[in-house]
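The values are calculated or read from the model by the stated rules, or taken from the named source; none is laboratory data. Remember, predicted model here, so these are calculated numbers, not experimental data. All Cβ positions, glycine included, derive from the backbone under ideal geometry; neighbour counts span all protein chains shown.
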Amino acid sequence: MNTDTTIQTHKIPWNKGKLVGQKMPLKLKEIWAIRIRLQLAHQVRELALFNLAIDSKLRGCDLVELQVRDIAHGGQVLQRAIVMQRKTHRPVQFEITEQTRETVAAWIARAQLKPEQFLFPSRIHASPHISARQYAKIVDQWVTSIGLDHNAYGTHTMRRTKATLIYRRTKIFGRFNCCLAISNWKAL
């Protein structure tokens, strides 16, 4: 009889100890906390990325692939932009608030970007723009910088934030009514 002990390997579930499900949207005070930290640190690119992520409600993959010509013409950032979504292949229109237009214009000027260039170019020469993974790491840095748990927030947080804030303020639901509320909402 063999008295050797056999070690059984148990598979650990991929989600053990992790928060899964929908990521939480940011609250207004958290948005301003991140903005102020980025402004104080003079991080123009990150501030432009943050503001545009909130305003555009784009998926991370679509946000990082934005080109200058998608949101700016003749040196001026547009009030509204239309972008083709990669996942759904449908156009999406979004309003760019004045604060976001100013930060994006400052970023374009500082980086000396041309219309055919990506708005957020990669610092790695092999990649033309930052990757969705790099964007996710940047979002993690933003939320941890104000003391939030990075596991509870992610790139989809940026997408959900503005719509959630508009809904909480107006209690309007539905695509048409929400679009009206977005076009009239200037608080962010």
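Okay, here's what the table says:
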{"quantity": "Failed item in (1) free of Cβ contacts under 8 Å to residues at least 40 places away in the same chain; (2) surrounded by fewer than 19 Cβ atoms within 10 Å (Cβ to Cβ); (3) within 19 Å of Lys137 (Cα to Cα); (4) charged (D, E, K, R), with Arg86 passing the rest", "calculated": "(3)"}
{"quantity": "Unique match (being more than 14 Å from the chain's Cα centre (by Cα), exposed (fewer than 15 other Cβ atoms within 10 Å of the Cβ) and either within 16 Å of Ser56 (Cβ to Cβ) or among the small types (Gly, Ala, Ser) (or both)) among Gln112, Gln99, Gln93", "calculated": "Gln93"}
{"quantity": "Elements of type helices (runs of 4 or more DSSP H) in the stretch 8-82, at least 2 residues being surrounded by fewer than 18 Cβ atoms within 10 Å (Cβ to Cβ) and among the hydroxyl-bearing types (Ser, Thr, Tyr)", "calculated": "none"}
{"quantity": "Pairs with Cβ under 7 Å, 6+ apart, first in the stretch 107-118 and more than 19 Å from Asn51 (Cβ to Cβ), second polar (S, T, N, Q) and surrounded by fewer than 16 Cβ atoms within 10 Å (Cβ to Cβ)", "calculated": "none"}
{"quantity": "Test for Ala53: is it farther than 18 Å from Ser131 by Cα and small (Gly, Ala, Ser)", "calculated": "no"}
{"quantity": "Given (1) at pLDDT 70 or above; (2) under 17 Å from Arg160 (Cβ atoms), index of the condition Arg37 fails", "calculated": "(2)"}
{"quantity": "Residue check, Val68 at negative phi and at pLDDT 95 or above", "calculated": "yes"}
